[in-house]
Amino acid sequence: MCGIVGYIGSQRAYDILIQGLKRLEYRGYDSAGVALVDCDGKMSVHKSHGKVANLENVAQAGNINGTLGIAHTRWATHGEPSDINAHPHVSQSGMIALVHNGTIENYAVLKKVLTDHGYEFKSETDTEVLVQLIEYIKLTSSCSLLDAVREALLQVEGAYAIAVVEQNDPDTMIVARKSSPLVIGVGDGETFIASDATPIVGYTDQVIYLKDNEIGVIKRNEPLQVLSLSDNKPSTISIQKLKLSLAQLEKGGYDTFMLKEIFEQPATLRDCLRGRIVDGCSRVTLSGVDLNKERFMKAERITLVACGTSWHAALIGKRLIQDFCKMPVEVEYASEFRYGNPVLNEKDIVISISQSGETADTLAAIQLAKEKGAFVYGICNVVGASIPRNTDSGTYIHVGPEIGVASTKAFTGQVTVLTLLALSVGQLRGAVDQETLSTVLSALSKMPETIEEALKVDNEIKTLSRVFAYAHNFLYLGRGYNYPTALEGALKLKEISYIHAEGYPAAEMKHGPIALIDHDMPSVVIAPNDSLYDKIISNVQQVKSRGGAVVAIVSKGNTSMSDIADYCIEIPNVPECLTPIVASIPLQLLAYYIAVNKGKDVDQPRNLAKSVTVE
Ligand code: AGP
């Protein structure tokens, strides 16, 4: 949610910043901007609403020189997407420029104070308040930019990652973070900063993840300094090696990142499973669980917290943990959990699930759970993100960077890890029998090949997607393990095609949503051969009797559904608990092709951002 990038070195900053913005565009894309400081101490600021390509058109008509610069791609929170509200924001004198990811909660109070001191505001943003406050402090206290930034941040409530430059100092950039991510890339005579590591890949693999309440002072040809915001004392700097490659950030011949990520799933699940199923598919090893056996043995309850697609994975996780660990499980939206006065103690385990590892609500839920004494476990994709750094232990899903805003490979990776985790804890607590364990593990170990098989419906779904050009509403139905799969299928469709879609437990449909069904309202029913198959058949009949078209996702070899449903899509046979992973493949493809047929930008759907770092 908002991407920031910065550069100081000997190359032209503009080129590096624009390329960085394009790599960060998945975080926000309603407007973009850049501020460049050249060696004569002149600052050029270019901004534009819309995508980075618009910014390039605007900037190239002006001065783009300078070897120091900061840039931003925005996801609007305060003020509509427009040229004026785009970052960087510049102080009243024009001397200081700032980019910001996050929200300044007390901006109205600060704005009033500054207005009383004669400051005028051009934009509707909270960010402009911060840059004006920095200038006000600098001028009234005659202090350095660093001291002014520090003092301003002490007055600010909210979340931020910021980068600040000053017109008359082409050798310095100040950065800081609190609850929003910021990575510093240390190169040879050059330094990069970014919201995540993607803009840095290809320049350096040496990175520093700034911690909350730290300020970084980046000076040309001088070692990086990191200070604690509270006492101004130097913090320990830990340089880490970045393991991202350029190929992972490219489309690899596909039209979109989303399609690439859907088709990557055999490979990503192979990476996710690697080394975790051992002893001839008879045992799971997850270091996060193995190193904390006592905690998992003594736990009386598990609560899963997440948002969006990760929350759907959590719902499947609940079923898995109940089935294999035989212990109480709750699932909460992180945003509700954090304000819901949850009753927790040291016998609770809270598992947070997040692709990005930066979701603000999930981070707040973790914080609360820790304060209440719970053991907090993280399931995350992005290595080194805030969630893995703030949890007691955890497991990476290792599916590689997910750039498409609609989550696909992360979802199947999350469900895979949740399956491993449930089996691992179940084996530890003696709650799962060896035969079940071996059957599920053996099917899970073949999941990459199974998904390859599942992807063969691509053409069939492409054709089917054209049938639904008429539909403005969809219902997605599933039961048991596949009720969350239905929610996820519906979310995928709404996110990228803007068609209204509702996921519902199939049997619950008759208590209300059935009133919506008519010839114009198709239903997608997830109906693999599982313990509830016979039940879902009658739910399909209820839809058909009211004239609704039905697309049924059925297990290979199914013969009974084709007499009832209008279209049947086959998925490979797997044990019941693994059907959500396999069934989500045709649902991802269906949403994808319906959106493409409607001419939508599937990688960057309107109003969305990849990682939601604001409340
Ligand atoms: C998924 O397609 C969404 N774009 C969104 O719901 C996402 O899953 C949610 O914002 C949570 O993100 P996280 O997994 O990075 O925490």
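The values are calculated or read from the model by the stated rules, or taken from the named source; none is laboratory data. All figures in this text were calculated on a predicted structure; none of them were measured in a lab. All Cβ positions, even for glycine, are placed from backbone atoms using ideal geometry, and neighbour counts span all protein chains on display. For accessibility, only protein heavy atoms count, side chains too; no ligands or nucleic acids. Shrake-Rupley method; radii C 1.70, N 1.55, O 1.52, S 1.80 Å.
Could you tell me whether segment 148-170 includes any residue that is surrounded by fewer than 20 Cβ atoms within 10 Å (Cβ to Cβ), under 19 Å from Ser611 (Cβ atoms) and of a type outside the set (Phe, Trp, Tyr)?
yes
For segment 457-465, state whether one or more residues are under 24 Å from Trp311 (Cα atoms) and open to solvent by less than 10 Å² (accessible area, probe 1.4 Å). So that I can check it myself, show each step before the final result.
So in segment 457-465, the residues under 24 Å from Trp311 (Cα atoms) come out as none.
Looking for residues that are under 24 Å from Trp311 (Cα atoms) and open to solvent by less than 10 Å² (accessible area, probe 1.4 Å), one finds none in segment 457-465, hence no.
Looking at (1) surrounded by fewer than 24 Cβ atoms within 10 Å (Cβ to Cβ); (2) of a type outside the set (D, E, K, R); (3) more than 19 Å from Glu615 (Cβ to Cβ), which is the one condition that is false for Ala364?
(3)
Test of understanding: among Met509, Met561, which residue is within 25 Å of Ile451 (Cα to Cα) and open to solvent by less than 10 Å² (accessible area, probe 1.4 Å)?
The unique qualifying residue is Met561.
So Glu615 passes all but one of these: (1) crowded, with 22+ Cβ neighbours inside 10 Å; (2) outside the structural domain of Gly480 (by TED's automatic domain parsing). Which condition number does it fail?
Exception for Glu615: condition (1).
Residue-wise test of (1) farther than 19 Å from Arg295 by Cβ; (2) open to solvent by less than 10 Å² (accessible area, probe 1.4 Å).
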{"site": "Phe324", "(1), (2)": "no, no"}
{"site": "Ile353", "(1), (2)": "no, yes"}
{"site": "Ala374", "(1), (2)": "no, yes"}
{"site": "Val383", "(1), (2)": "yes, no"}
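Can you tell me how many residues in segment 329-364 are within 9 Å of the ligand (Cβ to nearest atom) and in contact with a Pro (Cβ under 8 Å, 6 or more places away or on another chain)?
2
Among the residues of segment 310-322, are any open to solvent by 20 Å² or more (accessible area, probe 1.4 Å), within 12 Å of the ligand (Cβ to nearest atom) and touching a residue at least 24 places away in the same chain (Cβ under 8 Å)?
Yes.
Of the numbered conditions (1) outside the structural domain of Ser180 (by TED's automatic domain parsing); (2) touching a Lys or Arg at 6+ places or on another chain (Cβ under 9 Å), Arg270 fails exactly one; give the number of that condition.
Here Arg270 meets the rest and fails (2).
Can you go through Glu435, Glu453 and tell me which one is touching a residue at least 40 places away in the same chain (Cβ under 8 Å), more than 30 Å from Pro181 (Cβ to Cβ), more than 16 Å from the ligand (Cβ to nearest atom) and surrounded by fewer than 19 Cβ atoms within 10 Å (Cβ to Cβ)?
Details: Glu435 fails: touching a residue at least 40 places away in the same chain (Cβ under 8 Å).
Glu453 is the lone residue from the list that is touching a residue at least 40 places away in the same chain (Cβ under 8 Å), more than 30 Å from Pro181 (Cβ to Cβ), more than 16 Å from the ligand (Cβ to nearest atom) and surrounded by fewer than 19 Cβ atoms within 10 Å (Cβ to Cβ).
Check Val376, Val405, Val399 and return the single one that is within 11 Å of the ligand (Cβ to nearest atom) and in contact with a helix residue (DSSP H, G or I) (Cβ under 8 Å, 6 or more places away or on another chain).
After ruling out the rest, the residue left standing is Val405.
What do you reckon, is Ala422 under 22 Å from Leu249 (Cβ atoms) and in a helix (DSSP H, G or I)?
Against the criterion (under 22 Å from Leu249 (Cβ atoms) and in a helix (DSSP H, G or I)), Ala422 does not qualify.
Can you name every residue in segment 402-422 that is in contact with a Leu (Cβ under 6 Å, 6 or more places away or on another chain) and modelled with pLDDT under 95?
Val405
Of the residues Lys556, Lys544, Lys598, which is closer than 20 Å to Met447 by Cβ, surrounded by fewer than 22 Cβ atoms within 10 Å (Cβ to Cβ) and away from the ligand (no atom under 16 Å from the Cβ)?
Lys556
Those residues that are under 23 Å from the mean Cα position of the chain (by Cα) and closer than 22 Å to Gln434 by Cα, I need them from segment 295-319; list them, please.
Those that are under 23 Å from the mean Cα position of the chain (by Cα) and closer than 22 Å to Gln434 by Cα: Ile316, Gly317, Lys318.
Scan segment 494-503 residue by residue and report those that are buried (at least 23 other Cβ atoms within 10 Å of the Cβ), of a type outside the set (S, T, N, Q) and more than 10 Å from the ligand (Cβ to nearest atom).
Within segment 494-503, Ala501, Gly503 meet the criteria.
With a cut-off of at least 2 residues that are β-branched (Val, Ile, Thr), name the strands (runs of 3 or more DSSP E) lying wholly within segment 203-280.
Numbers: elements: 206-209, 214-219, 225-228.
Because the criterion is at least 2 residues that are β-branched (Val, Ile, Thr), the strands (runs of 3 or more DSSP E) in segment 203-280 that meet it are 206-209, 214-219.
Working only within segment 545-576, note down all residues that are touching a strand residue (DSSP E or B) at 6+ places or on another chain (Cβ under 9 Å) and part of a helix (DSSP H, G or I).
Selection gives Met561, Ser562.
Quick one: is Ala469 in contact with a helix residue (DSSP H, G or I) (Cβ under 7 Å, 6 or more places away or on another chain), under 15 Å from Ser584 (Cβ atoms) and of a type outside the set (Asp, Glu)?
no
Would it be correct to say that Leu491 is open to solvent by 10 Å² or more (accessible area, probe 1.4 Å), outside any strand (DSSP E or B), within 20 Å of Arg606 (Cβ to Cβ) and at pLDDT 95 or above?
Yes; evaluated as a whole, the condition is true for this residue.
Looking at (1) more than 30 Å from Val350 (Cα to Cα); (2) crowded, with 19+ Cβ neighbours inside 10 Å, can you tell me which one Ser245 breaks?
(2)
Go through Val440, Val417, Val425 for me and flag whichever is outside the structural domain of Asn573 (by TED's automatic domain parsing) and within 16 Å of the ligand (Cβ to nearest atom).
Only one candidate qualifies: Val417.
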